[in-house]
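Please read the structure below before turning to the comments.
The values are calculated or read from the model by the stated rules, or taken from the named source; none is laboratory data. Just so it is clear, the structure is predicted and the values come from calculations on it, not from any experiment. For neighbour counting, all protein chains shown are included, and Cβ atoms are generated from backbone atoms with ideal geometry for every residue, glycine included. Just the protein is used for accessible areas: all its heavy atoms, side chains included, with ligands, DNA and RNA removed. Shrake-Rupley method; radii C 1.70, N 1.55, O 1.52, S 1.80 Å.
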Amino acid sequence: MEYDFEISRGAYQVVDALQKAGFETYIVGGAIRDLLLKRKPKDFDISTSATPEEVRQVFGRRKARIIGKRFRLTHVTVNGELFEVSTFRRTPSVHAGDKNDEKFQKMPENLIVSDNDYGTAKEDAFRRDFTVNALFYDPVNKVLIDHTGMGIKDIENGVVRAIGEAALRFEEDPVRMIRALKLVAQFDFSLESATENALFGALPLLKHASAGRLSLELEKILKSSSCDRHFEVFFDYGLLTSFLPVLAENWGSTACKRAMDLLYERNCRIEAGIYRDSISLALAAITLPFVMAELNYQPGKVWKRRDELVDEVLYKWIGKIFAPQTLMVKVREAAIKIMTMQSMLEQSAETDVPALMRHKSYAHGRELLLIRHLSLNEDVTELERKFPAGHDPREFHLYQAPRRKKHHPEKNYRSKPFRKRGKRPELPPDFNE
């Protein structure tokens, strides 16, 4: 059956270029699942028979960069779009049990520590996590390939089914448990019985997952417009205890319920196209109720004056709730600023608003202010009138564009001599992240 999916122009060009170079190439994974569900994919991952070095030869060093160590792939930039191009893999030959290093002896025997054994497209499909993520689409010939024979059917029925032995899939990569429950939360899928039983038995293995990968998964969840549902599903299946233990311990508390209410309001406005999917706003929405609870403030109220105690509690909770995961410092600091803006906005007069609008955190501060009142079923018409919307200060007449220094004909502004022309320096070797 021919499938004519609407994909990005850049993705088509990458596939077409690799196929013309003689390499079998497909769009794979979540993008195809989303297209079958009539959703717009956030990105298009591409898999090919070409090795990372061969992909780079096709597109050149300026457009293709090899990254990764555990899982080597190529970042290809076409028309300003970035695509991840991976090489077909087969079941890896190197597991934690194959290592003599002491740090590997404490890990599960089948944990994958290196996944760079190349194979065929069919082998690649059967080494993936779930049937709904193992579909291959050729946009040039408009062909959809379901090697497992269950992918399309499971998408239609809303079922998350591990490929092969479910317990082994989770032992090979414990992060797959997070991915399984993300499918449940985001698409309202259900776990197939064998997959569900294996997941319950594999929960203790999450501690062996890479800290960097877990933090990346947390960032993806916080950007999602269904992150409140993600946390609910994680708690129901017992995963939240290992992933965010403090949030799990406080689940059901007034502060946690309030945090989920704020996330729900934020997510509704993201889906409506009113808000952006800001991680810092999500952090602020989760953290603020816990801060207010420790400071003994009623729901909907904030401090009138920021002092050392407020700062101490803010930093305490934003570090405590999201441990042991690591978030970027600039994101945490942005969340702190969003929370501290709440008292400034609440107590501001009409004449103060122009000055507040110059603040870098004004847009997200305003967003948090609105969802705080919306979550209490309050009318925000007056607040929206008082605080105009806008994400970029250049949207307001208050913005003053930086003035460029005028050139003075009598002064020599060149501080360095011209560089002598010579042999063009060689490009640096690939930097493995």
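Only one of the numbered conditions (1) closer than 23 Å to Leu222 by Cβ; (2) open to solvent by less than 20 Å² (accessible area, probe 1.4 Å) is violated by Glu294, and that is (2). Counting the residues of region 45-88 that are in contact with a Gly (Cβ under 8 Å, 6 or more places away or on another chain) and of a type in the set (Phe, Trp, Tyr) gives 2.
Within region 287-309, the residues that satisfy the criterion of being outside any loop (DSSP other than H, G, I, E, B) and more than 18 Å from Leu244 (Cα to Cα) are Met292, Ala293, Glu294, Glu308, Leu309. Each residue in region 87-132 was checked for being in a helix (DSSP H, G or I), more than 16 Å from Ala167 (Cα to Cα) and at pLDDT 60 or above, and 6 of them qualify.
Taking the criterion of being without any contact (Cβ under 8 Å) to a residue 24 or more places away in the chain, open to solvent by 20 Å² or more (accessible area, probe 1.4 Å) and of a type in the set (A, V, I, L, M, F, W, C), the residues of region 224-255 that qualify are Phe235, Trp251. Look at (1) modelled with pLDDT of 90 or more; (2) at positive phi and you find that Gly80 fails only one, number (1). Residue-level check: of (1) crowded, with 17+ Cβ neighbours inside 10 Å; (2) not in a loop (DSSP other than H, G, I, E, B), Glu312 misses just (1). Scanning region 155-175 for residues that are outside any loop (DSSP other than H, G, I, E, B) and closer than 27 Å to Val15 by Cα turns up Ile155, Glu156. Given the condition at pLDDT 90 or above and over 32 Å from the mean Cα position of the chain (by Cα), answer yes or no: does some residue in region 309-319 qualify? For region 309-319, residues at pLDDT 90 or above and over 32 Å from the mean Cα position of the chain (by Cα): present. Identification of helices (runs of 4 or more DSSP H) wholly contained in region 327-378 with 1 or more residues that are of a type in the set (D, E, K, R) and either surrounded by fewer than 18 Cβ atoms within 10 Å (Cβ to Cβ) or within 24 Å of the chain's Cα centre (by Cα) (or both) yields 329-346, 362-374. Among the residues of region 2-21, those identified as surrounded by 13 or more Cβ atoms within 10 Å (Cβ to Cβ), outside any loop (DSSP other than H, G, I, E, B) and under 24 Å from the mean Cα position of the chain (by Cα) are Gly10, Ala11, Tyr12, Val14. If you go through region 22-59 and pick out every residue that is open to solvent by 30 Å² or more (accessible area, probe 1.4 Å), part of a loop (DSSP other than H, G, I, E, B) and closer than 22 Å to Gly80 by Cβ, you end up with 3. Residue under question is Arg62, and the condition is that it be in contact with a Pro (Cβ under 9 Å, 6 or more places away or on another chain), over 17 Å from Pro139 (Cβ atoms), among the basic types (Lys, Arg) and open to solvent by 40 Å² or more (accessible area, probe 1.4 Å); does it hold? No: the conditions fail for Arg62.
Given the structure, is Thr195 touching a residue at least 24 places away in the same chain (Cβ under 8 Å), among the β-branched types (Val, Ile, Thr) and either open to solvent by 10 Å² or more (accessible area, probe 1.4 Å) or touching an Asp or Glu at 6+ places or on another chain (Cβ under 8 Å) (or both)?
Working: touching a residue at least 24 places away in the same chain (Cβ under 8 Å): yes; among the β-branched types (Val, Ile, Thr): yes; either open to solvent by 10 Å² or more (accessible area, probe 1.4 Å) or touching an Asp or Glu at 6+ places or on another chain (Cβ under 8 Å) (or both): no.
Against the criterion (touching a residue at least 24 places away in the same chain (Cβ under 8 Å), among the β-branched types (Val, Ile, Thr) and either open to solvent by 10 Å² or more (accessible area, probe 1.4 Å) or touching an Asp or Glu at 6+ places or on another chain (Cβ under 8 Å) (or both)), Thr195 does not qualify.
Checking every residue in region 135-146 against the condition of being at pLDDT 95 or above, open to solvent by less than 60 Å² (accessible area, probe 1.4 Å), more than 26 Å from Tyr12 (Cβ to Cβ) and under 23 Å from the mean Cα position of the chain (by Cα) gives zero matches.
Ile152: in a helix (DSSP H, G or I), open to solvent by 20 Å² or more (accessible area, probe 1.4 Å), within 25 Å of Glu2 (Cα to Cα) and not basic (Lys, Arg), yes or no?
Against the criterion (in a helix (DSSP H, G or I), open to solvent by 20 Å² or more (accessible area, probe 1.4 Å), within 25 Å of Glu2 (Cα to Cα) and not basic (Lys, Arg)), Ile152 qualifies.
Being within 17 Å of Leu374 (Cα to Cα) and either among the hydrophobic types (A, V, I, L, M, F, W, C) or buried (at least 20 other Cβ atoms within 10 Å of the Cβ) (or both): is that true of Ala272 here?
Values: within 17 Å of Leu374 (Cα to Cα): yes; either among the hydrophobic types (A, V, I, L, M, F, W, C) or buried (at least 20 other Cβ atoms within 10 Å of the Cβ) (or both): yes.
When the stated conditions are applied, Ala272 passes them.
Report whether or not Pro324 is open to solvent by 10 Å² or more (accessible area, probe 1.4 Å), at pLDDT 90 or above, at negative phi and not β-branched (Val, Ile, Thr). Spelling it out, Pro324 is indeed open to solvent by 10 Å² or more (accessible area, probe 1.4 Å), at pLDDT 90 or above, at negative phi and not β-branched (Val, Ile, Thr).
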